[in-house]
Amino acid sequence: MVKTAQADTLPLGDLPNWRYPDPRVEVLDKRFKAKVGNAAIERIATGFRWAEGPVYVRDYRCLIWSDIPNNRMMRWNEEDGHLSVFRQPSNYTNGNTRDRQGRLLSCEHDSRRLVRTEHDGKITVLIDSFDGKKLNAPNDVVVASDDSIWFTDPGYGIFGFYEGHKDTSEQPPRVYRIDGKTGKASIVVDSFDKPNGLAFAPDEKKLYVIDTGLTHGGRSNMRVLDVDIGTGKVTADKVFAENFAPGFTDGVRIDVDGNVWCSMGWADPKEDGVRIYAPTGDLIGKIHIPETCANLCFGGPKRNRLFICGSTSVYATYVETQGALVP
């Protein structure tokens with residue numbers, strides 16, 4: 001008899017055995033004030049192989065994310081729950097975000113490039129090489145208030161055929177910055193094993209970067225860098241959190257109070273979901289889902305709805321805070 005995974009049997013809507021307050025939202029420290037007593041965790045969409053890179057488009061009340069192995073991007077309409085394919089093929093897109101002009105930026109694994117979708121739907125290639133050598137496979141991306149673009153390039157898209165294609169790496173794993181005025185790319189830091197998710201603090205003076213090097217015998221932690229968004233210069237670099245192994249975190253977002261929300265998975269199923277850290281690095285809360293969690297983002301008209309990409313499904317819950325990311 002084949003044992004059915006819990007995720008295969010869950011219907012859409014509130015998770016089984018839910019009640020108010022939802023016990024899956026766990027308060028570990030009184031500094032975690034985001035739990036809403038009468039809000040449950042909902043499963044809003046399912047049927048994917050590996051959901052990643054969520055971005056909320058407030059103009060159209062929709063969530064867009066990547067279903068990497070299926071080589072497509074999905075779209076969920078918040079107004080009526082309609083699910084549709086946004087783009088296919090997608091060049092095995094992973095991370096997505098929006099710039100300050102509302103354009104979609106996407107990290108394409110298969111083409112090894114970072115692209116922008118213009119308002120008329122045309123695709124502009126922002127970068128596919130550095131110093132004359134191909135990028136590995138851009139993974140995640142954020143945009144600062146000065147229009148500079150910051151992205152990670154660990155290389156997961158060229159390690160095999162499931163999420164891209166097998167190829168040779170020509171660059172070390174790095175975090176890059178693209179100047180918002182000149183379009184020139186520069187190296188922010190190259191001391192990560194596998195730089196992955198990244199996000200700015202509300203004042204943009206700190207950049208949080210996840211290292212998923214554990215997948216290739218390296219580290220499993222999150223570091224925080226003191227940065228100058230105008231130059232890309234790093235003045236301090238330290239470990240922010242590192243109690244993830246034998247699992248690891250992947251995606252990260254920051255709320256308006258500077259709390260750090262990150263995904264968790266790949267180890268104890270009881271830890272699958274989201275972890276919330278105070279700006280000091282103390283773990284203050286957890287949100288549990290029944291699948292390994294890859295990424296997350298804040299959305300909704302008030303930026304107070306948390307969207308969570310699990311393995312095969314997307315989940316959502318309202319929280320008593322707002323995401324710091326603009327737009």
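The values are calculated or read from the model by the stated rules, or taken from the named source; none is laboratory data. Given the structure is predicted, the values throughout are model-derived calculations rather than measurements. Positions of Cβ are generated from backbone atoms using ideal geometry, with glycine treated the same way; all protein chains shown enter the neighbour counts. Areas reflect the complete protein model, heavy atoms only, side chains present, ligands, DNA and RNA absent. Shrake-Rupley method; radii C 1.70, N 1.55, O 1.52, S 1.80 Å.
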Residue hits (region 24-57; of a type outside the set (A, V, I, L, M), open to solvent by 30 Å² or more (accessible area, probe 1.4 Å) and farther than 17 Å from G265 by Cβ) are D29, K30, R31, K33, K35, G37, N38, E42, G47
Where a residue in region 7-25 is within 16 Å of G273 (Cβ to Cβ) and its partner, wherever it lies, is open to solvent by less than 50 Å² (accessible area, probe 1.4 Å) and at pLDDT below 85, with Cβ under 9 Å and at least six apart: P16/L10
For region 150-162, which residues satisfy the criterion of being part of a loop (DSSP other than H, G, I, E, B) and either without any contact (Cβ under 8 Å) to a residue 60 or more places away in the chain or under 14 Å from S106 (Cβ atoms) (or both)? P154, G155, F159, G160, F161
Would you tally the residues in region 313-327 being in a strand (DSSP E or B) and either over 21 Å from M74 (Cα atoms) or open to solvent by 20 Å² or more (accessible area, probe 1.4 Å) (or both)? 2
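Could you list, in sequence order, the residues of region 58-70 that are within 16 Å of C309 (Cα to Cα) and not small (G, A, S)?
C62, L63, I64, W65, D67, I68, P69, N70, listed by residue number.
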Among the residues of region 223-244, is any in a strand (DSSP E or B), in contact with a strand residue (DSSP E or B) (Cβ under 8 Å, 6 or more places away or on another chain) and under 23 Å from S66 (Cβ atoms)? no
Is one or more of the residues making up region 88-110 open to solvent by 30 Å² or more (accessible area, probe 1.4 Å), charged (D, E, K, R) and within 23 Å of A316 (Cβ to Cβ)? no
Candidates K194, K233, K166, filtered to the one that is out of contact with any helix residue (DSSP H, G or I) (no Cβ under 8 Å at 6 or more places or on another chain), more than 19 Å from A278 (Cα to Cα) and at pLDDT 95 or above: K233
Please find, among E118, E79, the residue that is within 27 Å of Y318 (Cβ to Cβ), in contact (Cβ under 8 Å) with a residue 12 or more places away in the chain, open to solvent by 20 Å² or more (accessible area, probe 1.4 Å) and acidic (D, E). E79
Being surrounded by fewer than 16 Cβ atoms within 10 Å (Cβ to Cβ), hydrophobic (A, V, I, L, M, F, W, C) and in contact with an Asp or Glu (Cβ under 7 Å, 6 or more places away or on another chain) is the requirement here; does A236 meet it? yes
Just a yes or no: is a residue in region 82-95 touching a helix residue (DSSP H, G or I) at 6+ places or on another chain (Cβ under 7 Å) and assigned to a loop (DSSP other than H, G, I, E, B)? yes
I'd like the full set of residues that are farther than 20 Å from E52 by Cα and open to solvent by less than 30 Å² (accessible area, probe 1.4 Å), limited to region 154-172. Q171
Test G310 against the stated conditions and say whether it is open to solvent by less than 20 Å² (accessible area, probe 1.4 Å) and on the phi > 0 side of the Ramachandran plot. no
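Give region 14-64 a look and list any residue that's assigned to a strand (DSSP E or B), more than 27 Å from R87 (Cα to Cα), of a type in the set (D, E, K, R) and at pLDDT 95 or above, or say none.
Listed by number, the list holds a single entry, E26.
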With the requirement that a residue be in a loop (DSSP other than H, G, I, E, B) and over 25 Å from N139 (Cα atoms), what does region 279-303 give you? T280, D282, P301, K302
Determine if region 249-265 includes at least one residue that is open to solvent by 20 Å² or more (accessible area, probe 1.4 Å) and either in contact with a helix residue (DSSP H, G or I) (Cβ under 7 Å, 6 or more places away or on another chain) or modelled with pLDDT under 95 (or both). no
Residue tally, condition crowded, with 17+ Cβ neighbours inside 10 Å and either in contact with a Cys (Cβ under 6 Å, 6 or more places away or on another chain) or at negative phi (or both), over region 203-233: 18
Only one residue in I284, I289, I308, I254 is in contact (Cβ under 8 Å) with a residue 24 or more places away in the chain and over 28 Å from M73 (Cα atoms). Which one? I284
